Amino acid sequence: MTVTSPRRRGPLSEGEQVLFVDRKERRYLVVLAAGESFQTHAGLVPHDDVIGAQEGLEVTSTGAARFLVFRPTLSDLVLKQPRGAQVIYPKDLGPMLMLADIEPGVRVFETGLGSGALSTTLLRAGAEVTGYEVRDDFARRAVENVERGLGSEVLDRYHVHIRDAYASIEHHDFDRVLLDLPEPWQVVDNLTPEILRPGGILVAYTPSVTQVMRLRRALEVRGFAAAETVEVLQRTWHVDGQAVRPDHRMVAHTGFLTHGRYRGRA
Ligand SMILES: C[S@@+](CC[C@H](N)C(=O)[O-])C[C@H]1O[C@@H](n2cnc3c(N)ncnc32)[C@H](O)[C@@H]1O
């Protein structure tokens, strides 16, 4: 079992995931195992050079490439974990936590689970998550990624069901509903005050604007208020001495975040 937590301190140990960062800022996620090696484009780095050392150390491969070694952040885990479905990017995951007002103990209904990036983010923030995923291979991948990223203890708060969320929702008493699937309005149609308590918050991630339009209409007729749709644009800057300018390239569009407060039956 692998446990990687930002609260972990001290020397790096066997079984932990670590990030090797090369001179070009490329990142490689590796699970440390005694006697094994990280294979690079320029030779090997024995894991034994890293086990027992402090984060931030620099190692050199047998082919003279240099790497810094750190514990991964949640953002690194999300970007590097094995994917089945497309994941939500960290630039949207952070705002989703804020829009959904996630705090420890909050009860979340999440669908679909995909690769588990949103699940990992919600669970790391302390939520209790019940998830519906229609594909059992994706559900398995989501659980594996959550366990690999956060450790098996967190599975006590992650309840995954292979179910079609468009058909019905059989679980009750949620404070939040988080959606990332092609037709979120079909899930909105299934909500009742027994499922999402009045005052609860819905947040949906949708890549296209036609999805936003249908979803907003559903929210309007199904008892939601204070709806808003936002797009998060993140632009990095090139900073090198006096040469300071926006980077030429950025991730322009990922998706829209739509959120609203539930008042109960319309
Ligand atoms: C884009 S992925 C979700 C990615 C996920 N949010 C993440 O961050 O890794 C969409 C998921 O919705 C699932 N899905 C589609 N229709 C569904 C339905 N009716 N009920 C439950 N899950 C569904 C798909 O199988 C897929 O795994």
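In loop segments of the range 19-61 as defined by DSSP, the trypsin sites (Lys or Arg not before Pro) with at most 12 further C-beta atoms inside 10 Å of their C-beta are ARG23, LYS24, ARG26.
Within the range 146-266, antiparallel bridges make up roughly 75 percent of the DSSP beta bridges whose residues both belong there. For the range 154-247, applying the loop criterion from DSSP together with a ceiling of 14 other beta carbons within 10 Å to the trypsin sites (Lys or Arg not before Pro) yields ARG235. Element breakdown for the range 58-99 at a 1.4 angstrom probe: carbon and sulfur atoms account for 61% of the accessible area. Estimated at the nearest 10 Å², the accessible area of LEU12 is 0 Å² with a 1.4 Å probe.
Reported to the nearest whole Å, the Cα centre-to-centre distance from the range 67-97 to the range 136-199 is 20. Working from label points 7 Å from Cα in the Cα-to-Cβ sense, the GLU58 to ARG245 distance is 2.9 nm. Mean-square fluctuations from a GNM of the chain, with a 10 angstrom spring cutoff on Cα atoms, peak among GLY126, GLY112, GLY241 at GLY241. Of all DSSP bridge pairs formed entirely within the chain, close to 65 percent run antiparallel. Please give the FRET efficiency for ARG140 paired with LYS80, using the beta carbon to beta carbon distance and R0 = 22 Å, rounded to the nearest 0.05. E(calc), rounded to 0.05, equals 0.75. Would you mind pulling out the separation of the Cα centroids of the range 226-242 and the range 47-63, in Å? Their Cα centres are 34 Å away from one another. The residues of the range 201-246 expose, per residue, 64 Å² of accessible area to a 1.4 Å probe. Computed about the Cα centre, the dipole magnitude for the chain is approximately 720 debye when only Lys and Arg (+1) and Asp and Glu (-1) carry charge, each at its Cβ. Note on surface exposure: ILE51, ILE162, ILE169 rank ILE162, ILE51, ILE169 by accessible area, highest first, 1.4 Å probe. Here the calculated FRET efficiency for ARG23 and GLU153, from their Cβ-Cβ distance with R0 = 30 Å, stands at 0.25, rounded to the nearest 0.05. Evaluated with a Cβ-only charge set (Lys, Arg +1; Asp, Glu -1), the range 142-266 carries a dipole of roughly 540 debye about its Cα centre, given to the nearest 20. Placing a pseudo-label 7 Å from each Cα along the Cα-to-Cβ vector at LEU44 and GLU14 gives an inter-label distance of 1.7 nm. Helical runs (DSSP H, four residues minimum) scored at -39500 (n - 2.57) apiece and divided by the length of the chain put the mean residue ellipticity at 222 nm at -6500 deg cm²/dmol. When the range 151-266 is described by a simple charge dipole with +1 on each Lys and Arg Cβ and -1 on each Asp and Glu Cβ, the residue from HIS172, ALA252, PRO193 located farthest towards its positive end is ALA252.
Accessible surface of TRP237, taken over heavy atoms with a 1.4 Å probe and every protein chain present, rounds to 130 Å². Computed from the Cβ-Cβ distance with R0 of 35 Å, the FRET efficiency linking PHE70 to VAL232 stands at 0.85. Residues whose amide H falls under 5 Å from that of ILE102, counting only those 5 or more places apart or on a different chain, are absent, with hydrogens built in the peptide plane. A 1.4 Å probe run over the protein chains yields, for the range 85-176, 40 Å² of accessible area per residue, whole-number rounding. Amide H contacts of PHE174 (H built 1.01 Å from N, in plane; Pro and chain starts excluded): LEU196, ARG197 sit under 5 Å, all sequence-distant by 5 or more or on other chains. Taking all protein chains as shown and a probe of 1.4 angstrom, GLU58 keeps an accessible surface of around 90 Å². Coupling constants for the range 226-241 follow from the phi torsions by the Karplus curve (6.51 cos²θ - 1.76 cosθ + 1.60, θ = phi - 60°), and in residue order they are 6, 6, 8, 10, 10, 10, 9, 10, 10, 10, 8, 10, 8, 10, 8, x Hz; glycine and proline get x. Counting every pair of alpha carbons in the range 218-266, the share spaced more than 12 Å apart comes to 71 percent. Taking the three principal axes of the alpha carbon atoms in the chain, the coordinate ranges are 66, 46, 28 Å, sorted in descending order.
Considering only HIS248, HIS159, HIS41, the Gaussian network model of the chain with Cα springs below 10 Å gives its largest mean-square fluctuation to HIS248.
The values are calculated or read from the model by the stated rules, or taken from the named source; none is laboratory data. Please read all numbers here as calculations on a predicted model, not as lab measurements. A quick note on method: Cβ atoms are made from the backbone with ideal geometry, for glycine too, and the neighbour counts reach across all protein chains shown. Remember, those area values only see protein heavy atoms, side chains included, never the ligands or the DNA or RNA. Shrake-Rupley method; radii C 1.70, N 1.55, O 1.52, S 1.80 Å.
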